[in-house]
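Q: The structure is given below, and queries will be raised subsequently.
The values are calculated or read from the model by the stated rules, or taken from the named source; none is laboratory data. Bear in mind that the values here come from a model prediction, so they are computed numbers and not experimental data. Heads up, the Cβs are rebuilt from the backbone with ideal geometry, glycines too, and the neighbour counts pull from every protein chain shown. What goes into the accessible areas is simple: the full protein's heavy atoms, side chains included, and nothing from ligands, DNA or RNA. Shrake-Rupley method; radii C 1.70, N 1.55, O 1.52, S 1.80 Å.
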Amino acid sequence: MKKKIFLFTIIFMFVFMSISFASTAKIVTRVDKALSTISKWIVKISTPAAAVAIGSGLLMKKFSFGDEDRILAGKKLIRNTIFSYSFVLVIDLVLDAIKSIMT
């Protein structure tokens with residue numbers, strides 16, 4: 001019996017999720033503005049940091065003079081920087097998904 005009620009509740013929520021009974025709440029608009037502002041600041045800060053890190057990795061590889069440890073450290077720095085910066089750029093997609101769930 002409890003399973004049927006739970007299943008009915010879930011189905012009911014998905015069917016009527018798109019129906020809005022009131023206008024957009026003030027808290028939703030504030031959270032939306034805050035999340036977009038935070039994501040813009042993160043991208044503005046991380047872009048120069050990623051450029052410096054990639055440049056440092058390239059310089060480490062260039063001036064390693066055949067030292068395998070420095071070459072590997074430079075490659076690792078470049079790879080990790082690209083991965084981290086791509087994660088920062090994906091934040092916009094995550095925030096859009098959150099916004100679509102909230103509205």
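Q: Take region 81-91 and flag every residue that is in contact (Cβ under 8 Å) with a residue 24 or more places away in the chain and open to solvent by 70 Å² or more (accessible area, probe 1.4 Å).
A: Those that are in contact (Cβ under 8 Å) with a residue 24 or more places away in the chain and open to solvent by 70 Å² or more (accessible area, probe 1.4 Å): 82, 89.
Q: When the residues of region 37-55 are narrowed to those that are surrounded by 14 or more Cβ atoms within 10 Å (Cβ to Cβ) and not aliphatic (A, V, I, L, M), which ends up farthest from residue 101 (Cα to Cα)?
A: Restricting to residues being surrounded by 14 or more Cβ atoms within 10 Å (Cβ to Cβ) and not aliphatic (A, V, I, L, M), the top hit is 46.
Q: Can you run down the residue pairs with Cβ atoms below 9 Å, 6 or more apart or on separate chains, where the first is in region 42-59 and closer than 14 Å to residue 90 by Cβ and in a helix (DSSP H, G or I) and the partner is among the charged types (D, E, K, R) and open to solvent by 60 Å² or more (accessible area, probe 1.4 Å)?
A: So the pair list comes out as 43/92.
Q: Further question on the same structure: Could you check how many residues of region 62-80 are farther than 30 Å from residue 36 by Cα, open to solvent by less than 80 Å² (accessible area, probe 1.4 Å) and part of a helix (DSSP H, G or I)?
A: Of the residues in region 62-80, 3 are farther than 30 Å from residue 36 by Cα, open to solvent by less than 80 Å² (accessible area, probe 1.4 Å) and part of a helix (DSSP H, G or I).
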